[in-house]
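First comes the structure, then the notes that go with it.
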Amino acid sequence: MQQAKFLINGVSRTSKMTADVINPATEEVFAKCHISNKDDVNDAVSAARNAFPFWSTLSNDERKSRLMELASSLEENMPELMGLVTKESGKPLGGLNGIGSGMEVGGSIAWTQATASFELPVEVIQDNEEARIEIHRKPLGVVASITPWNWPLMIAVWHIIPALHTGNTVVVKPSPYTPVATSRFVELANRVLPKGVLNLVHGDTEVGSLLSTHEDVSKIIFTGSTPTGKKIMQASAVNLKRLTLELGGNDAGIVLPDSNVTELAPKIFGASFHNNGQTCAALKRLYVHESQYDEMCNALADLAKNVKVGNGLEEGVELGPLQNARQLQIVKSLVDSARENGGKILAGGNEGNGAGYFYEPTIIADQSDGDRIVDEEQFGPALPVIKYSDLDEVIARANANENGLGGSVWSSDLEAASKVALQLECGSAWINDHGAVQPDAPFGGIKQSGFGVEFGLHGLKEYTSIQTLKICK
Ligand code: NAD
């Protein structure tokens, strides 16, 4: 059986305490995850601390060349990594609109290469006969990365590569639901990185809180739920850790009147249902003008009924299972509550038969703000389609949510759509798209979706502190 060991100071470690890793498509245990204890966490942080002086003083180009080597190693091992991601997360190899584990591993490679190529040069803000003032960007020290289960490898790469590139050392803790691909990634990375630069520990709440309370950890980069983000923020006060918190979302999409429903429906369906809706910035509430409401509902229901659901290792499967039994129960409870509240289930609405955490792709009409399926993050394959009549009112409804991750506006009138998009309270707004990210464009949430951004130069800066150097002449 596959073993997800942890790795400290370049050496892999096992534990007597293990947890089962379940393939969500079959409910079979396919790997054992070795759980770290307090001593392991302390050792991992010490290893990272000891590696910091050497790693942080390498040149940008030296660090870049190691990271480029890592990207090549990921490329060489792509089929294996794809298989691990599919087995642990349930995500299909190909997936709806090509969004599957191939994209997760391919994206991890692309992000590594792009991020390694960024530079944060010294800024000179004054240089005259009086003085020269330079702004230097310095690494923070040990960064702890805590990741969720929905995009396990990609999110680990999003955390780790910018931290390493700016000269920090890292301890990563993946979700215990999906520790396998990250373990393999860290193993491959340790073949090209000096020992101690990237360490891995395994576990859940306890190991996470050991990291967030640790005095020698300078920053936490966390992607996960809002309640956990709040706990990490409290725990981090112990030594005033820097934080980037990428938390939950309940993204609204607004379809403006006179839209081309035939053209937009497949794009909207993909934006909402890829990875079974288990994406932080998936479209989770769709507002459609009353003039096109029925047409859009029918088009989406048709797509939901025809999408291919199954074991992601099989060819042609577009949507896999939910990643875990708890998430399946959340989706089930929200759809059941919509049904009880007079919601009309136009497609889906049932659990799958047999093994696996499957739930039918579900389209729900006749629900509105105040109903649970609209107000709460479903993080699954169930989209509420909500009717509106007035544009100002719908913008207010889209914003009347504690989350502020992403939002979208759908229309062929790009000017009108931009005006609406700029009024949405969210960190990223898209027009005729939703959830698309790229390595050079900043991405992050506002309100209770967290703070700080990832990606591009803005994201890179979050792993540094400023030192201002004034040279008096
Ligand atoms: P979660 O908060 O339950 O767990 C995330 C990670 O935190 C896991 O590794 C877990 O072991 C760890 N953890 C749990 N308790 C901890 C504690 N007290 N201290 C430190 N670490 C702790 O989230 P999840 O269920 O794995 O992920 C789903 C959630 O993540 C959804 O709400 C989703 O919207 C959000 N998410 C957000 C983004 C984003 O970029 N904003 C991306 C993906 C997922």
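Read-outs throughout are calculated quantities, based only on the coordinates presented, and are distinct from any laboratory measurement. Small disclaimer: the values here were computed from a predicted structure and weren't measured. No Cβ is skipped: glycine too gets one built from the backbone with ideal geometry, and neighbour counts run over all protein chains shown.
Using only the Cα atoms of the chain, each taken as one equal point scatterer with no solvent, compute I(q) by the Debye sum, divide by I(0), and report log10 of the ratio at q = 0.10, 0.12 Å⁻¹.
-0.74, -1.03
Could you tell me which residue out of PRO442, VAL288, VAL170 lies farthest along the dipole of the chain toward its positive end? Charges go on the beta carbon: Lys and Arg +1, Asp and Glu -1, centred on the Cα centre.
VAL170
Angle check, please: helix 78-89 long axis (alpha carbons) against the longest principal axis of the chain (alpha carbons), in degrees 0 to 90, nearest 10.
Approximately 60 degrees, to the nearest ten.
So what's the net charge close to THR112: Lys and Arg +1, Asp and Glu -1, counting the other residues with Cβ under 15 Å from its Cβ?
Once all neighbours under 15 Å are counted, the net charge is -1.
Tell me, what ³J(HN,Hα) does each residue in segment 458-473 have, in order and in whole Hz, if you take phi through Karplus 6.51 cos²θ - 1.76 cosθ + 1.60 with θ = phi - 60° and put x for Gly and Pro?
With the stated coefficients, segment 458-473 comes to 4, x, 4, 4, 5, 9, 10, 10, 8, 10, 8, 10, 10, 10, 7, 9 Hz.
Can you put LEU256, LEU245, LEU70, LEU469 in order of Cβ neighbours within 10 angstrom, beginning with the fewest? Numbers along the way, then the final one.
Working: LEU256 19, LEU245 23, LEU70 27, LEU469 11.
Final ranking by Cβ density, sparse to dense: LEU469, LEU256, LEU245, LEU70.
With unit charges on the beta carbon (Lys/Arg positive, Asp/Glu negative), name the residue among PHE54, ASN260, GLY342 whose Cα is farthest towards the positive pole of the charge dipole of the chain.
So the residue we want is PHE54.
Compute the Cα gyration tensor for segment 383-473, then decide on rounded, prolate or oblate, letting a ≥ b ≥ c be the square roots of its eigenvalues: rounded whenever a/c is under 1.5, prolate when a/b is larger than b/c in the other cases, and oblate in all that remain.
On the way: a/c = 2.62, a/b = 2.37, b/c = 1.11.
Taking the square roots of the gyration eigenvalues as a ≥ b ≥ c, segment 383-473 is prolate.
For segment 333-347, just list the computed ³J(HN,Hα) in residue order, Karplus coefficients 6.51, -1.76 and 1.60, θ = phi - 60°, integers in Hz, with x standing in for Gly and Pro.
5, 5, 5, 4, 5, 4, 4, 5, 8, x, x, 9, 8, 8, 7
With unit charges on the beta carbons (Lys and Arg positive, Asp and Glu negative) and the dipole taken about the Cα centre of segment 251-438, which residue among LEU383, GLY312, TRP430 sits farthest to the positive side?
GLY312
Mind putting a number on the dipole of segment 350-446 about its Cα centre? Charges go on the C-beta only, +1 for Lys and Arg and -1 for Asp and Glu, and I need it in Debye to the nearest 20. Walk me through the numbers on the way to the answer.
On the way: 4 positive and 17 negative charges, 32 e Å.
Once rounded to the nearest 20, the dipole reads 160 debye.
Compute the angle between helix 226-235 and the longest alpha-carbon principal axis of the chain, please, reported from 0 to 90 degrees and rounded to the nearest 10.
20
Quote the charge dipole size of segment 251-438 about the Cα centre in Debye, to the nearest 20; the model charges only the Cβ of Lys and Arg (+1) and of Asp and Glu (-1). Working shown, then result.
Working: 13 positive and 28 negative charges, 100 e Å.
Roughly 480 debye, rounded to the nearest 20.
Using modelled backbone amide H atoms (1.01 Å from N, in-plane), which distant-in-sequence or interchain residues come within less than 5 Å of LEU283's amide H?
SER272
State, as an integer percentage, the relative contact order of segment 1-134 based on alpha-carbon contacts under 8 Å between residues 6 or more apart. List each step's numbers first, then the result.
Numbers: 139 pairs, mean separation 24.6, N = 134.
In percent, rounded to a whole number, it is 18.
Pairs of Cα atoms under 8 Å, at least six residues apart: use those to get the relative contact order of the chain, whole percent. Can you show the working numbers first?
On the way: 1151 pairs, mean separation 88.1, N = 473.
Once normalised by length, the contact order is 19 percent.
Neighbouring Cβ atoms within 10 Å as the yardstick, rank GLU425, GLU314 fewest first. Before the final figure, lay out the partial values.
Working: GLU425 17, GLU314 14.
Fewest to most other Cβ atoms nearby, the residues stand as GLU314, GLU425.
Quote to one decimal, in nm, the extra length available between ASP61 and ILE431 on full extension: 0.36 nm per residue of separation minus the C-alpha distance between them. Can you show the working numbers first?
Working: separation 370, 0.36 × 370 = 133.20 nm, distance 3.71 nm.
Answer, rounded to one decimal: 129.5 nm.
Fewest Cβ neighbours within 10 Å first, please rank VAL437, VAL124 accordingly. Working shown, then result.
Values: VAL437 18, VAL124 11.
Listed from fewest to most nearby Cβ atoms, that is VAL124, VAL437.
Under the rule of -39500 (n - 2.57) per DSSP H run of 4 or more residues, summed and divided by the residues of the chain, what mean residue ellipticity at 222 nm is obtained, to the nearest 500 deg cm²/dmol?
On the way: 15 runs with 177 residues, N = 473.
It comes out at -11500 deg cm²/dmol, rounded to the nearest 500.
Once the convex hull of the alpha carbons of segment 404-443 is built, what does its volume come to per residue, in cubic angstrom? Before the final figure, lay out each step's value.
On the way: hull volume 2.5 nm³, N = 40.
Dividing the Cα hull volume of segment 404-443 by its residue count gives 63 Å³.
Which value, in debye to the nearest 20, describes the size of the charge dipole of segment 1-67 about its Cα centre when Lys and Arg Cβ atoms bear +1, Asp and Glu Cβ atoms bear -1, and nothing else is charged?
Numbers: 9 positive and 8 negative charges, 50 e Å.
Around 240 debye, computed over segment 1-67.
Given a cut-off of under 8 Å on Cα pairs at least six residues apart, what relative contact order in percent is computed for segment 381-432?
Numbers: 51 pairs, mean separation 18.6, N = 52.
36 percent.
Starting from the Cα gyration tensor of segment 58-144, take the square roots of the eigenvalues, sort them a ≥ b ≥ c, and report rounded, prolate or oblate (rounded when a/c is under 1.5, otherwise prolate if a/b is larger than b/c, else oblate).
On the way: a/c = 3.42, a/b = 2.93, b/c = 1.17.
Since a/c reaches 1.5 and a/b is larger than b/c, the shape of segment 58-144 is classed as prolate.
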